[in-house]
Amino acid sequence: MFERVLTDLKRGLLHRDPTIALVSFSVICNFLMTVCKIMFGIYLGSGWLITNSIYFLALGLMRFYVLRRYIAAKSLDDYEEKYSFGYEVHKLGGNLIVLLAMTYLLCCFHMYFVGDAITVGGKLVYCLIVFTLIKFVISIYGMVITRHRENLIVRLLKVLGIIDAFISIVPTTYAFLSMMNNGYSADVSSGIGMIISMGVVISGIVMVKRKYAYDSVAHLIGDDKLIRDYINKFFSSRHS
C-alpha cells in the first residue's frame, strides 16, 4: 500500500496534479498520526482513543481506495464513461460514509453511557491538538486548490478529508478536558461525536440520493435526444 501511495505522490508531483499529490501526502500523514493515536490509547488504556483511531484508519483506507479510483478515471478517454465511472464511485463512497457514521454514532452512545475515565498528560494533548490542526489545514487547502473542479471523485475526496478533520475534534476534546480534570470529558466528547456523526450521516445520504446530472453530460453529447438515450442506457445497464 505504501509503495503505491509513494508512487502516486511522485506521479502527482511530476505530472503537476495537486489532487493526487495532496491526497497521497494526506494518506501518509493520516497513517502516521493514526499509529501515534493507537499507541497513545494503548499506553493510557483508553478504549475511546483506540476506537477513534480505528475510524481514522478506516477513513484513511477509504481515501486510498478513492484515490486509486481517481487515477483509474484519469486514464479513461471517453468523457461520458468517465462521468459514469465517477458517479458510481461517488455513490459507493456515500454508502460507505453512511455506514461508517452510523457505527460511529453507536460508539458515541456507548461512550456516553459507559464512560472512559483516564487522565491524559499535557504532551499527549498537545500532540493531538497539532494532529487535528494539520488535518484541518490539509482539508481546507485541498478544498481551495480544487474549488473549480466539478469531478465527483474529487468532491468525494474533499468530503472524506473534512470528515476526518471533524472527527479528530472528538478525541482531542476528550484529551484536553481530561487534562483539565473535567469529570464530564467523556460525556462532552461523545456528545460532540454524536453531533458530528449525524452531520456525516446526512451528507452521506445526500451523496447516495444524488441524481445523475443531465447537465453534466449535455456539453459532451450536444443533442437532446442523444442525451435522453444516453441516460436511459446508463440506468438500464445499472439495473440489468
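Filtered by the rule that a residue be among the β-branched types (Val, Ile, Thr), over 30 Å from Glu81 (Cβ atoms) and in contact with a Phe, Trp or Tyr (Cβ under 9 Å, 6 or more places away or on another chain), the stretch 132-168 gives Ile138, Ile167.
Here Thr172 passes the criteria (1) more than 15 Å from Arg63 (Cβ to Cβ); (2) under 11 Å from the mean Cα position of the chain (by Cα); (3) of a type in the set (Ser, Thr, Tyr) except the one numbered (2).
Residues are listed down the side, and each one gets a yes or a no for (1) in a helix (DSSP H, G or I); (2) touching a residue at least 60 places away in the same chain (Cβ under 8 Å); (3) among the acidic types (Asp, Glu); (4) touching a Ser or Thr at 6+ places or on another chain (Cβ under 7 Å):
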residue: Leu61; (1), (2), (3), (4): yes, no, no, no
residue: Ile71; (1), (2), (3), (4): yes, yes, no, no
residue: Lys82; (1), (2), (3), (4): yes, no, no, no
residue: His90; (1), (2), (3), (4): yes, yes, no, no
residue: Leu100; (1), (2), (3), (4): yes, yes, no, no
residue: Tyr104; (1), (2), (3), (4): yes, yes, no, yes
residue: Phe109; (1), (2), (3), (4): yes, yes, no, no
residue: Phe113; (1), (2), (3), (4): yes, no, no, no
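Read-outs: derived from the displayed coordinates by stated rules, not from any lab. Everything quoted here is computed from the prediction, not taken from an experiment. Cβ: placed from backbone, ideal geometry, glycine included. Neighbour counts: every protein chain shown.
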